[in-house]
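Here is the structure we will look at.
The numbers here are math on the coordinates, done by the rules we state, and not lab data. Computed from a predicted model, the values in this text were never measured in an experiment. Neighbour counts run over all protein chains shown; Cβ positions are idealised from the backbone, glycine included.
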Amino acid sequence: MAVWKHLSALRELGIELETVRGRGYRLRNACELLDADSILSHVGMGARPLLGPLEVLLETDSTNSRLRQRALDGASSGTICLAEMQHGGRGRRGRRWVSPFASNLYLSLLWRTPLGAAALGGLSLVAGIAVLRCLRAFGVTAAGLKWPNDVIAGAAKLAGILIDVAGEAAGPCAVVVGVGINVAMPPTAARDIDQTWTDLRTVTGTGDISRNRLAAGLLDELLPALQAFETDGLQPFMTDWQRYDLVGGRPVNVHLHDTVVQGLARGIDAGGALLVDTDSGRRRFTSGEVSVRVTA
């Protein structure tokens, strides 16, 4: 009975188990738990000076919400929060981010900057570029970025970014950068996803991806990218954006709160806003107002 109770608790977390006749029970798939010491041991020298305290939680409502509260309590810049499972993971515009136990990567980073909120328009693009740079080191060679914050592979969503900002228009600001990367999504959890998705296991053809190394690789790219953005803005990232942009030069629908604007995407401006040529001329859209759907 005691064993049964433990197995039931594991199944409630979404862990898949199977029975081996005459021997007992085993995990259906390998399960590497996140470990703060392991992550820190793999962070490179370029990111270490920018790194603050790092915590790994078994479960939480949302790593972004957790870190936002810690920011209010005075947590230092570079503080990192990861969780094995989220009960209230969020995407853009209030969408749910499906967050099963020990399957994917849910990481949030607190970044304190003298920049004001008005100067952070291109931040989600920079974070997306950092994520894609990290993923390329793990064998993802055919992926791109869909403005403003989606990493797409094979026309399916592989990762997403959520930015929470607290501060004044002229600064300073506390920014929480949340990153969700699908690593090995369980089929049972995938039923709750309301869009086309993929994961690293599918894209790379291997289930042997260390989430601890992935977390360290993400920090290696994300922390220096934020520092560069604070110093030089979006300009150092424009070449990468143009290389990875999946909507530039294509017909798009821009969904506003009460209307849909059709046009031809023409890249981004220096502030990270999407430029779209419409029948009435070129229009500029900021990340906080719109989402984009490629139509052709």
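Shape analysis of segment 1-49 based on the Cα gyration tensor places the equivalent ellipsoid semi-axes at 35, 12, 9 Å, largest first. Averaged over residues, the count of other Cβ atoms within 10 Å places the peptides 216-225, 231-240, 153-162 in the sequence 216-225, 153-162, 231-240, highest first. Residue-wise HN-Hα couplings along segment 44-60, as the Karplus relation 6.51 cos²θ - 1.76 cosθ + 1.60 with θ = phi - 60° gives them from phi, are x, 5, x, 9, 4, x, 9, 8, x, x, 10, 10, 10, 9, 5, 7, 7 Hz; Gly and Pro carry x.
Phi angles across segment 227-240 convert, under the Karplus curve 6.51 cos²θ - 1.76 cosθ + 1.60 with θ = phi - 60°, into 3J(HN,Hα) values of 4, 5, 5, 4, 7, 10, x, 7, 4, x, 9, 5, 5, 5 Hz, Gly and Pro given as x. Rounded to the nearest whole Hz, the Karplus-based 3J(HN,Hα) values (6.51 cos²θ - 1.76 cosθ + 1.60, θ = phi - 60°) of segment 68-80 follow the sequence 4, 5, 5, 5, 5, 8, x, 4, 7, 4, x, 5, 10, with x at glycine and proline. What label, among (1) 0.95; (2) 1.07; (3) 0.99, belongs to Rg/Rh (Cα atoms, Kirkwood Rh) computed from the structure on display? Matching the structure shown: (3).
Amide H contacts for Arg266 (H built 1.01 Å from N in the peptide plane; partners 5 or more residues away or on another chain; cut-off under 5 Å): Gly249, Leu275, Val276, Asp277.
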